[in-house]
Structure formats: C-alpha cells, structure tokens
Amino acid sequence: MLPLFDWAGIVPPVLVARPMAAPVGASERRALEKLGLGLVDLFAGTDALLAARGAAREGALLDDLGAIRDTALAALAELAPRLSAVEAGLGKPLESTRENLRFSFDKLLERTRAAAGRANETEARQLRRLASALAPGGRPAERVYGPLPWLLAYGRAGLVGPLKEQLRWDVAGLQEIVL
C-alpha cells in the first residue's frame, strides 16, 4: 500500500514488523525431542502429522495397497481394446469404472494412513497437547493466547527475561524462545 501514500500526497507511516515468538517450556521441549519433531512441524496440524507418522510406520502396507491399485488399473486398461471390439460404447463405462476404482483405493489409502497415525494413542495425545500449547489452529501460540498462561506458569521474570535475552527484532519469521 506504500505507493498509495505517494499517490495521495501523504507521508507514509513508519512500519515495524512484529516478531513472531514461540515461548517453549522445558516439558514441551522434551516432548518435541521425544517425538523427533521441531516447533515448525506442529504448524502442519495434528491430523497431517499423525497421517505422516502413520505412513512412515505402515509404509509397507501402504505400498502394497498402492501396488494392488496400480495393477488393477493397468489390467482394466489392457481390457480396453477387447471391450471396444465387443462394442465401441463400452470405453466410457470402462473409464468410469477405472476412475471409481482409483477413487476407492485412494480413499482406502487415506483412511489407512490416518488409522495408522492414530494407532498410538499416547503419541496422538502428546501431539494434540503440543499443538494446542504451541501451535493452536496452526498459528503461533503467542498470536492466539495473551501472555497470561506464561505469566501464570513462569512468572513475570520467567517470561520477560527470556524474551529480552532471546527475541531479536531484526530477524524475520518464527523465533523459538526457551523459557
């Protein structure tokens, strides 16, 4: 919008970007390390994280399902010339069948990935708790919550001290503040 100020003949205001700080306590840090995650990973959302972790855990099963899908689709494609020889109008129903099969297999793969991610409920609970504390709704917690939770947990010195020491105003992007 800065060009509009020149156009209107108005002196533009001085703009200072607000830094993004993510206060992270010792228990959250330990949980992140135990799960092998970084703070930024939480912004993907718990469902995406659980699905990705489930896919990593059940990769062989997902690969087998994908191979079955691909084999079935290829077999149907090979039948196309023979079906067209019987009747030319069978190509459209065949293509419809292939699309339905692809859709059904993709849904099965998606549900299997999600189920595998939910298989370890303790891990899922930890991920949800971390996301709620550090990245509620996929946003930095300091943008959603006021300072009150950290003030109650760490006191004024426990919050303001680390912010003064660690927060850099000249750094763009998310900064992790260790409480």
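Bear in mind these aren't lab numbers, they're just calculated from the coordinates by the rules spelled out. Computed from a predicted structure; not experimentally measured. Note that we place each Cβ from the backbone using ideal geometry, even for glycine, and neighbour counts take in every protein chain shown.
Of the chymotrypsin sites (Phe, Trp or Tyr not before Pro) in the stretch 1-104, not one is in a loop by DSSP (not H, G, I, E or B) with at most 13 other beta carbons within 10 Å. The C-alpha atoms of the chain define a longest principal axis, and helix 46-57 lies at about 50 degrees to it. Per-residue 3J(HN,Hα) values for the stretch 88-102, derived from phi via the Karplus relation 6.51 cos²θ - 1.76 cosθ + 1.60 with θ = phi - 60°, read 5, x, 7, x, 5, x, 5, 5, 5, 5, 5, 5, 5, 5, 4 Hz in sequence order (x marks Gly and Pro). By its C-alpha gyration tensor, with a ≥ b ≥ c as the square roots of the eigenvalues, how is the stretch 46-134 shaped: rounded for a/c under 1.5, else prolate for a/b larger than b/c, else oblate? Verdict is prolate for the stretch 46-134. When the Cα gyration tensor is reduced to axis lengths a ≥ b ≥ c, the ratio a/c is 1.5 or higher for the chain, and with a/b not above b/c it is classed as oblate. Here the calculated FRET efficiency for ALA17 and ALA56, from their Cβ-Cβ distance with R0 = 45 Å, stands at 0.80, rounded to the nearest 0.05.
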